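Right, one structure below, let's go through it.
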Amino acid sequence: PARLVVLISGTGSNLAALLEAAADPGYGAQVVAVGADRHSATGLEHARAAGSPVFVERVGDYAERSAWDRALATQVAQFEPDLVVSAGFMKLLGPAFLTAFAGRTVNTHPALSPAFPGMHGPRDALDYGVKVTGCTLFVVDDGVDTGAILDQRAVEVAADDDVESLHERIKIAERSMLVEQVGRMAREGWIIDGRTVRVGG
Ligand code: GAR
């Protein structure tokens, strides 16, 4: 199966969905490690419960951000991932990381790119007053939520939505999009620069 390293910062509901899917050998991918940028990421419990190795690399533990970037890349490389899944990882990945895992790092964003990039997709969509928003799965590049789009799912905004209720509905769509697409990439390969690349063995 394809080897996944998943990076998280928060509750890890996307990670939990991947772990559940990967428990089925037919899924085609396994979570070989889970990394976070903070010890308080409660999603690490999902990883521990599933017996997956965990690691934490905190920006604040390094004198420079570039040193953190290199340390994170080194940690992830130890697990020899075919695909890195940034699932609610709230730090921008740096050049060392993106060079090491170019074209092999995907991210989910809780808005329909290119609308509402950044940390507050659901809030910004609500503030703008859009009637439809959603989620995006994309290949990470050096911009903020700008990489090549792999999939999107639409979610309607309800008249009585607040940020939390909207984000929760987006996350339902996000989980199924992520599980479907990562499994498909693992089983069928994916397109990078016009070539189909198999991420799994
Ligand atoms: C997800 O909705 C993810 O798209 C979002 O954080 C949430 C994490 O949830 N990420 C971003 O906003 C990144 N710009 P989770 O920890 O429960 O998977």
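Summary of computed values
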| quantity | calculated |
| --- | --- |
| Residue 51 more than 17 Å from the chain's Cα centre (by Cα) and part of a loop (DSSP other than H, G, I, E, B) | yes |
| Residue match in segment 94-115 (condition: free of Cβ contacts under 8 Å to residues at least 60 places away in the same chain, among the small types (Gly, Ala, Ser) and closer than 15 Å to residue 17 by Cβ) | no |
| So residue 37, is it farther than 25 Å from residue 124 by Cβ and more than 11 Å from the ligand (Cβ to nearest atom) | no |
| Residue count, segment 17-38 (criterion: closer than 12 Å to residue 52 by Cα and either among the polar types (S, T, N, Q) or touching a Lys or Arg at 6+ places or on another chain (Cβ under 8 Å) (or both)) | 2 |
| Some residue of segment 26-41 being under 16 Å from residue 181 (Cα atoms) and exposed (fewer than 14 other Cβ atoms within 10 Å of the Cβ) | yes |
| Strands (runs of 3 or more DSSP E) fully within segment 149-201 counting 2 or more residues that are modelled with pLDDT of 90 or more | 149-156 |
| Residues of segment 42-52 satisfying the condition of being open to solvent by 30 Å² or more (accessible area, probe 1.4 Å) and of a type outside the set (Asp, Glu) | 42, 46, 48, 49, 50, 51 |
| All positions within segment 156-189 that are in contact (Cβ under 8 Å) with a residue 60 or more places away in the chain, more than 18 Å from residue 25 (Cα to Cα) and either open to solvent by 80 Å² or more (accessible area, probe 1.4 Å) or of a type in the set (A, V, I, L, M, F, W, C) (or both) | 170, 177 |
| Qualifying residue in segment 68-76 (condition: farther than 20 Å from residue 18 by Cβ, open to solvent by less than 30 Å² (accessible area, probe 1.4 Å) and in a loop (DSSP other than H, G, I, E, B)) | no |
| Criterion (within 15 Å of the ligand (Cβ to nearest atom) and under 16 Å from the mean Cα position of the chain (by Cα)) met by exactly one of 102, 115, 87 | 87 |
| Residue tally, condition outside any strand (DSSP E or B) and within 13 Å of the ligand (Cβ to nearest atom), over segment 1-19 | 11 |
| Members of segment 113-134 that are touching a Ser or Thr at 6+ places or on another chain (Cβ under 6 Å) and either open to solvent by 30 Å² or more (accessible area, probe 1.4 Å) or of a type in the set (A, V, I, L, M, F, W, C) (or both) | 125 |
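The values are calculated or read from the model by the stated rules, or taken from the named source; none is laboratory data. Not measured: the values here are computed from a predicted model. For neighbour counting, all protein chains shown are included, and Cβ atoms are generated from backbone atoms with ideal geometry for every residue, glycine included. Surface accessibility is based on the protein's heavy atoms, side chains included, excluding ligands, DNA and RNA. Shrake-Rupley method; radii C 1.70, N 1.55, O 1.52, S 1.80 Å.
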